[in-house]
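The values are calculated or read from the model by the stated rules, or taken from the named source; none is laboratory data. What you see is a predicted model; the values in this text were computed from it and never measured. Note that each Cβ is placed from the backbone with ideal geometry, even for glycine, and that neighbours are counted across all protein chains shown.
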Amino acid sequence: MSDAPPSPPPHEFEGDYRPADSSASPAALDPINARIEPADVAYLMRLTDALNTTLDLQTLLARTSELVRALIPYRIFAIFLLNDRSHELRMRFQIGHTPQVEHTRVPVGKGVVGQVALTRQPILLNDASTEEYYINANPDVRSELAVPLIAKNRLIGVMDIESEQPNFFRPEHLHVLTLTASRIAQSIENARLYARVSRQAQTLEVLNEIAVELASILDLNPLLERVGQLLRRLIDYQMFTIMLLDEKGETLVTRYAWRFGYVHAPIRRVPISSGLVGAAVREWRPINVPDVSQDPRYLPMNPETRSELIVPLFYKGRVIGVLDLEHTRPGFFNKEHEGMLTTLASQIAIAIENARLYQAVHRQERQLEKDIAMAREVQLRLLPNEAPSHAHADMAVRFLPARTIGGDLYDFLDYGPNRTAIVLGDVSGKAAPAALFAALVSGIMRAAAAQTGAPAGRSTPAGWEQPEPAAMLALLNDALQERKLESQYVTMLFALWNDENQTLQVANSGAVQPVVCRAGQALPVRAEGFPLGMFPDVTYEEFSVATQPGDAIVFVSDGILDAENEKEEMYGQDRLAGLLCESRDLRAQEIADAILADVIRFQGTRDRFDDETIIVLHVR
C-alpha cells in the first residue's frame, strides 16, 4: 500500500529510547552479537519491570504487543508458541490478521516463522514476495520481521511483525525486537508455568470433588452417568464410553455411552482379544491414539472418531473395565489428559466395585427378607393358634418376637382326657438360627408326646404312656445331645395340667420359674434344672402344685423380666407378680393382655432385645 503507516499510539516508551545508529555497521544485521548500548540497558530494565507485573499469558502477550508498537509502528503483529509434541507453531496472539490466519498452525521449517524456529536466527525481509519460503497468507504484505523466542537455550516460539510497505523494517527495528524477545521469552515461560500450576491445582481440586461425590453414589447406573458428567469438567471429549468386563473376564460390555450430548443406548460386546479397548485390558496400560485411522487395532464403531484415549480401570490388582474417550480432532488427547484420567480411574474403579457390592448386598437382603418372611410363616404355623380350655381352667398365650422371627417356643400338648401339657421354651440366640433350632426341639417333643399318633382333641393309642414333665425334659436333653450343635441350648418349662384334680406338675430346665397368685399373695414355683442340650445324662426334678379356685398362674420367657425402660431398669419378677395379683379375678386372656400392655408401657421407646412370651392359666 502507498499510504504512510499511522503514527504509533502514546506509550511510556515513546521518545524514551533511541537505539544506536548501526546502519553503517555489519553487526546491525547480527543482533546476537550487536553491542549493548546504555540506552539498551535502560530499555531492558523498564521492559522487564513492565512484564513482571503480570503472570497471565494473554495479558502478557497483549502488553508485549503494546511495548513493541511504541517503538516499531507495525500494522500486523503475532506471537507463535511452539507445541513440543506436534512440533508446530500455534498463533497465540495477533493483531491485524484475518480469522482464517489466526487459527494457522505452522510446522517448524515452513515459511518465515518456521525458518526462524528451525534456525533460531531472526529474519528481516524487505520484499517478502521474492522469498521462496514465504507463505502468502496476506497478499498485501511486503515486509516481514521475525525473531525467535528463546528461554534457557530452549525455543518456545517466534515473534513476527509485518507491513504492507516494502523496505519498511530497518536494522534498528530488528535490534529492538531482538532485545524485546530476549526478555519476553522468559516472561512467557513464567506465565505458562504459572498457568500450568494453576491448572494442576484446579485439576486436583476437581479430582478431589469427583472422588468425594463418586463415593456417595451406590447405584451403578446413576454412578456411571455421573462419571461421564464429571469427566467433562476435566476433558472436553465428544464421545465417552464405560465398558466393564463380564463375569468370565473375556468380554468388555458397554454399560454407559455418551455421544455428542446424548446418552447412546446400543450395548456392544468386544472381546478383549480385539480392538483398542481390548489392547488396554491385555496390556494393562492407557492407549492414546492420535489418529485411529492409522491404527490397525481400531474397530470402526464411530465414523467421526479421529483420536481416542482408553484407560483401564484397576481394582485390587485386576482390570474390571475401561474408560474410552473419543474426539473428532486428530491428536486431541495429550499426556495431561492421560495423567488426569489415570489418576481418576482408580477412584472410579473403587466406586464401581462399591456400587456392585451394594447391589449384590441389596439383592441378598431382598432374598433374605423373603426367606425370613417364609420362616416366620412356618414358625407361626408350628405354634398353636389358641390355648385349650377345660371345665376348671382357662388358658391364654401372648407372643411378641424381638425380630421378624424369634427363638421362643410354646405349645399345648394333648395328654389325653382332661390333661394338657403347657410348654414354654427359649432357644439361645435370635432370628432364623434360633427359630430353626426351636422347630427341631418342637418336632422332637411332639414326636415324644405321640402327637402324630394322637391328633389334637383325641386320646393317645391304647397302651401308650406319654412322658411326664421330668421324663420329657430328660428325653429332650438326650435327643439334643445326639444332635449336638455348638453353642445351642434350650431352656424349657414343661407343666402338665390335670383338670380332674386341678393339679399342676412342673419340671424346669433353666427357664423362668412360674408364679402363682393365691388370695392376693404371689409365690414362685421353685423348680430348677440344667438347660437342654448342654450336658449329657441329666435328670430333672418334678414338682406338684395343688391349685384352688381363683388361682392365677403365669409362665413367661426371660424377655418379659429382662425388658428395660429408658432408665435401664428391668421389668422384673416383682412387677410381674404384683400385676398378676391385681388382675387375678379376670379371665386368662385379659390377664395376659394386661401383663403385655404393662410391659410395653414400661419399655416406652426402648427397643425390645428379646422375644416376649406370656402364658396364663386361670383356675375357675
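What to note about this one:
- Of the residues Leu586, Leu580, the single one that is in the same structural domain as Ile560 (by TED's automatic domain parsing), over 49 Å from the mean Cα position of the chain (by Cα) and buried (at least 19 other Cβ atoms within 10 Å of the Cβ) is Leu580.
- Residue tally, condition modelled with pLDDT of 90 or more and of a type in the set (Phe, Trp, Tyr), over the range 418-447: 0
- Count - residues of the range 516-571 that are more than 22 Å from Ser428 (Cβ to Cβ), assigned to a strand (DSSP E or B) and not hydroxyl-bearing (Ser, Thr, Tyr): 13
- Of the residues making up the range 148-198, those that are within 49 Å of the chain's Cα centre (by Cα) and hydrophobic (A, V, I, L, M, F, W, C) number 13.
- Matching residues, the range 116-151, being part of a loop (DSSP other than H, G, I, E, B) and closer than 23 Å to Ala62 by Cα: Pro122, Ala137, Asn138, Val141
- Pairs are defined by a Cβ separation below 7 Å, a sequence spacing of at least 6 or placement on different chains, a first member in the range 200-212 that is buried (at least 16 other Cβ atoms within 10 Å of the Cβ), and a second member that is modelled with pLDDT of 75 or more and charged (D, E, K, R); the pairs so defined are Val206/Arg233.
- Residue match in the range 487-504 (condition: among the charged types (D, E, K, R) and assigned to a loop (DSSP other than H, G, I, E, B)): yes
- Subset of the range 514-528 (residues that are in contact (Cβ under 8 Å) with a residue 12 or more places away in the chain, within 16 Å of Asp551 (Cβ to Cβ) and touching a strand residue (DSSP E or B) at 6+ places or on another chain (Cβ under 6 Å)): Pro514, Val515, Val516, Cys517, Ala522, Pro524, Val525
- Failed item in (1) modelled with pLDDT of 90 or more; (2) crowded, with 19+ Cβ neighbours inside 10 Å; (3) over 22 Å from Pro166 (Cα atoms); (4) not hydroxyl-bearing (Ser, Thr, Tyr), with Arg120 passing the rest: (2)
- Scanning the range 572-599 for residues that are under 25 Å from Ser428 (Cβ atoms) and either in contact with an Asp or Glu (Cβ under 6 Å, 6 or more places away or on another chain) or not small (Gly, Ala, Ser) (or both) gives Gln573, Leu576, Ile595, Leu596, Val599.
- Which listed residue, of Pro148, Pro139, Pro171, Pro166, is at pLDDT 90 or above and either in contact with an Asp or Glu (Cβ under 7 Å, 6 or more places away or on another chain) or of a type outside the set (Val, Ile, Thr) (or both): Pro148
- Any hit, the range 502-512, residues being surrounded by fewer than 17 Cβ atoms within 10 Å (Cβ to Cβ), modelled with pLDDT of 95 or more and over 60 Å from the mean Cα position of the chain (by Cα): yes
- The range 398-427 - residue that is among the β-branched types (Val, Ile, Thr) and farther than 24 Å from Gly533 by Cβ and, of those, nearest to the chain's Cα centre (by Cα): Thr404
- Residue list for the range 480-495, filter: in contact (Cβ under 8 Å) with a residue 40 or more places away in the chain and under 42 Å from the mean Cα position of the chain (by Cα): Leu485, Ser487, Gln488
- Single residue of Ile591, Ile595, Ile560 found to be within 45 Å of the chain's Cα centre (by Cα) and either under 13 Å from Val515 (Cβ atoms) or modelled with pLDDT of 95 or more (or both): Ile560
The rows are residues; the columns are (1) surrounded by fewer than 19 Cβ atoms within 10 Å (Cβ to Cβ); (2) over 48 Å from the mean Cα position of the chain (by Cα); (3) not basic (Lys, Arg).
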{"residue": "Ile72", "(1), (2), (3)": "no, yes, yes"}
{"residue": "His87", "(1), (2), (3)": "yes, no, yes"}
{"residue": "Gln94", "(1), (2), (3)": "no, no, yes"}
{"residue": "Gly109", "(1), (2), (3)": "yes, yes, yes"}
